[in-house]
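Single-structure report; data block below.
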Amino acid sequence: MIIEHLGKKLNTETFDSTITDEECEEIRRKFYEKPDEFDVYKQLFEIKTHRTIKMNHVYNYYFYELMADCKIKGCKWTINEFMQSNDLIRYSLGRIRNNPEFFDSNDIIDNIKTFFRVSHGGAAGKLSNFPLKTINSLLKEYRPENYYDFSCGWGVRMLSSIRNNVNYYGTDPNTRLTNTLKEILKEYGFNNFNNIYNQGSEIFIPELENKIDFCFSSPPYFDLEQYSQSDLSGQSTTDRNYKAWLQEYLKPTFENCKLYLKQDKDLLINIKSSKDYDLYQDTKDIVTNLGFVFIKDKKLENIQRPSLKDTNIDTNEKIMCFKKV
């Protein structure tokens, strides 16, 4: 059968026709239910006090619906767009029904979220989040006082900074995201919520010059993850080809990092090439041409981006380590 939604079509033989419209509406309601606020507060406290590296309640409460407005390259819809269609819900349930050994949760919503994470069939998929365990390890290794994150992501690096008593400075063009980050900082009594800037990292911030001990982020992968344009200001609001993106966004971002960093301090970048673009080497060339010294690659083993699967590319990501000299 062919499912049509928002001007796009999905041809599939996998479909659970037994699910009624009323059941689809109930699934939709439960899908967007947020965790209990007490569980969110408890998890934030446990993250801060080194009692857990889990952030599932925090992520689902604050970030999941925001992330679900973004689209992975190769997918037809965002998760939020997908969930508007009863027939697409039936499609996901058909795939779940046909693979009981894989979708083994007793909770149908858990299974649908697993479907988006690993088995979406090009319909709609979940964007990756950076591992809390990894950023914790980096902050413990480098022990910065002031940390600049040039692409805030879904809050994990900010939360790790809170956990490790590091002053966090972050830029991101996504207005809803930066407002959410500030809300978390303010609501839970953290005093550095004014250090989140709603702008692209290519825009210079004078007050950060020669203030930062450590720069690290996992920046946008050009077009592998497509963000909701209505939420953005800065780097992603205009269409650019790859070379223009390198020159107009990536290069000025690292020029700013050089100005922000103190002498002999470190710039780390988690970035990965794809089938279409040698983003790893192009990034490395930009940064070394700016005068940074390449130190080494760190292997990042506990993250895999669905957007990089099936691209004939090794998906074991690396963290490039540079020093300002």
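Here are the numbers:
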| read-out | value |
| --- | --- |
| Total residues in the stretch 61-75, condition open to solvent by less than 10 Å² (accessible area, probe 1.4 Å) and more than 18 Å from Ile109 (Cα to Cα) | 2 |
| Residues of the stretch 121-143 classified as open to solvent by 10 Å² or more (accessible area, probe 1.4 Å) and assigned to a loop (DSSP other than H, G, I, E, B), total | 8 |
| Selection count, the stretch 152-190, where residues are touching a strand residue (DSSP E or B) at 6+ places or on another chain (Cβ under 9 Å), modelled with pLDDT under 95 and basic (Lys, Arg) | 1 |
| Scope the stretch 1-45; condition in a helix (DSSP H, G or I), more than 13 Å from Met83 (Cα to Cα) and among the basic types (Lys, Arg); matching residues | Lys42 |
| Flag for Phe15 being under 17 Å from Ile112 (Cα atoms) and touching a Gly at 6+ places or on another chain (Cβ under 7 Å) | yes |
| Scan of the stretch 270-304 for residues that are open to solvent by less than 40 Å² (accessible area, probe 1.4 Å), of a type outside the set (Val, Ile, Thr) and modelled with pLDDT under 90, ordered by number | Lys272, Ser273, Ser274, Leu300 |
| Matching residues in the stretch 145-200 - criterion: being part of a strand (DSSP E or B) and not acidic (Asp, Glu) | Asn146, Tyr147, Tyr148, Asn167, Tyr168, Tyr169, Gly170, Thr171, Asn174, Ile196, Tyr197, Asn198 |
| Extreme residue, surrounded by the fewest Cβ atoms within 10 Å (Cβ to Cβ), among residues of the stretch 76-111 that are hydroxyl-bearing (Ser, Thr, Tyr) and assigned to a helix (DSSP H, G or I) | Tyr91 |
| Considering residues of the stretch 177-222 that are in contact (Cβ under 8 Å) with a residue 12 or more places away in the chain and among the acidic types (Asp, Glu) only, the residue farthest from Leu250 (Cα to Cα) | Glu183 |
| Residues satisfying the stated conditions in the stretch 46-75, i.e. in a helix (DSSP H, G or I), out of contact with any Lys or Arg (no Cβ under 9 Å at 6 or more places or on another chain) and hydrophobic (A, V, I, L, M, F, W, C) | Val58 |
| Candidates Val156, Val118 - the one that is among the β-branched types (Val, Ile, Thr) and either open to solvent by 20 Å² or more (accessible area, probe 1.4 Å) or more than 26 Å from Leu224 (Cβ to Cβ) (or both) | Val118 |
| Contacts under 8 angstrom Cβ, first residue in the stretch 77-89 being farther than 15 Å from Gly121 by Cα and free of Cβ contacts under 8 Å to residues at least 40 places away in the same chain, partner in a loop (DSSP other than H, G, I, E, B) and among the acidic types (Asp, Glu), 6 or more apart | Asn80/Asp69 |
| Residue match in the stretch 252-259 (condition: of a type in the set (A, V, I, L, M), open to solvent by 20 Å² or more (accessible area, probe 1.4 Å), under 18 Å from Gln199 (Cβ atoms) and at pLDDT below 95) | no |
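The values are calculated or read from the model by the stated rules, or taken from the named source; none is laboratory data. This structure is a prediction, so every number in the text was calculated from the model and none was measured. We place every Cβ from the backbone using ideal geometry, glycine too, and count neighbours over all the protein chains shown. Heavy atoms of the whole protein, side chains included, go into the accessibility calculation; ligands, DNA and RNA do not. Shrake-Rupley method; radii C 1.70, N 1.55, O 1.52, S 1.80 Å.
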